[in-house]
Amino acid sequence: MSFTVAIDGPAAAGKGTISKAVAAHFGFAHLDTGLLYRAVGAKVLHGADPLEAAQTLEPIDLDGEHLRTPEVAQAASKVAVDADVRAALVAFQRQFAARGDGAVLDGRDIGTVICPSADVKLFVTARAEKRAQRRLDELNGKGMGLAFADVLADVEARDKRDSERATAPLKPAEDAVLLDTSDLTAEQAIARAIEIVQAARG
Ligand code: CDP
Ligand code: CDP
């Protein structure tokens, strides 16, 4: 039997951290769907056509630190507005969700569009300043030397574009559990998410 956990929310809310920990705890597979859009965005920055890039994406394209830069994040959120690009990525995500050993998918539209009948839906959020500080610490920890104001502007621009687009906008599914991590440590957020998934498993 498949068991699907959908984790959505804005940039740097802690989706990936929670998803990885939940997947490890329950022995589920994890797909960071943001990487699909980042990989398409990275190809477009190199001159590719967005739809063709989405249609020809390969697992190898989802690998690499170059996908983690703010430039690629912005390019990702621009290609993510395109309904045809999104449609080209649906089948891969749904196949992943249906695997028999359980799956955690994190992104923006997992609970609303990709897996509307997921067994558990979490909407992870936090105040924009907190999210920007976390992303700043993460990127500068890798030696990027970014300024807080620039990271905050990047996060807010993507939040706006992601929330206002016509196709699969960022919003909580009606049956999602909201998890505000603004004043939680990563460990506390993980513990809460595991409790929620455990309760749903029965
Ligand atoms: O996947 P998403 O962009 O939503 O966020 P992430 O990459 O999981 O988290 C961004 C950073 O925030 C990571 O370095 C986490 O360790 C940190 N963090 C967190 O995820 N949750 C907290 N409650 C506190 C910090
Ligand atoms: O890690 P972070 O939350 O900063 O970003 P991400 O999850 O890697 O996603 C990068 C961009 O891809 C987002 O800003 C969205 O525009 C897009 N995306 C999307 O539209 N739908 C998804 N399911 C996942 C990401």
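Note on the range 21-49: residues that are open to solvent by 40 Å² or more (accessible area, probe 1.4 Å), without any contact (Cβ under 8 Å) to a residue 60 or more places away in the chain and within 14 Å of ligand 2 (Cβ to nearest atom) amount to 3.
For the residues Val151, Val197, Val155, the requirement of being touching a strand residue (DSSP E or B) at 6+ places or on another chain (Cβ under 6 Å), assigned to a helix (DSSP H, G or I), open to solvent by less than 70 Å² (accessible area, probe 1.4 Å) and at pLDDT 95 or above singles out Val197.
If you go through the range 173-192, how many residues are assigned to a helix (DSSP H, G or I), within 16 Å of ligand 2 (Cβ to nearest atom) and in contact with a Leu (Cβ under 7 Å, 6 or more places away or on another chain)?
Going residue by residue through the range 173-192, those that are assigned to a helix (DSSP H, G or I) are 186-192.
From the residues that got through so far, the ones that are within 16 Å of ligand 2 (Cβ to nearest atom) too are 186, 189.
Still in the running and in contact with a Leu (Cβ under 7 Å, 6 or more places away or on another chain): 189.
So the count comes out to 1.
Inspection of the range 120-136 identifies at least one residue that is farther than 26 Å from Val5 by Cβ, within 15 Å of ligand 1 (Cβ to nearest atom), modelled with pLDDT of 95 or more and of a type in the set (Asp, Glu). Scanning the range 100-121 turns up no residue that is free of Cβ contacts under 8 Å to residues at least 40 places away in the same chain and either buried (at least 22 other Cβ atoms within 10 Å of the Cβ) or among the charged types (D, E, K, R) (or both).
The values are calculated or read from the model by the stated rules, or taken from the named source; none is laboratory data. Just so it is clear, the structure is predicted and the values come from calculations on it, not from any experiment. Neighbour counts are summed over all protein chains in view; Cβ atoms, including those assigned to glycine, are modelled from backbone coordinates with ideal geometry. With ligands, DNA and RNA removed, areas are computed over all heavy atoms of the protein, side chains included. Shrake-Rupley method; radii C 1.70, N 1.55, O 1.52, S 1.80 Å.
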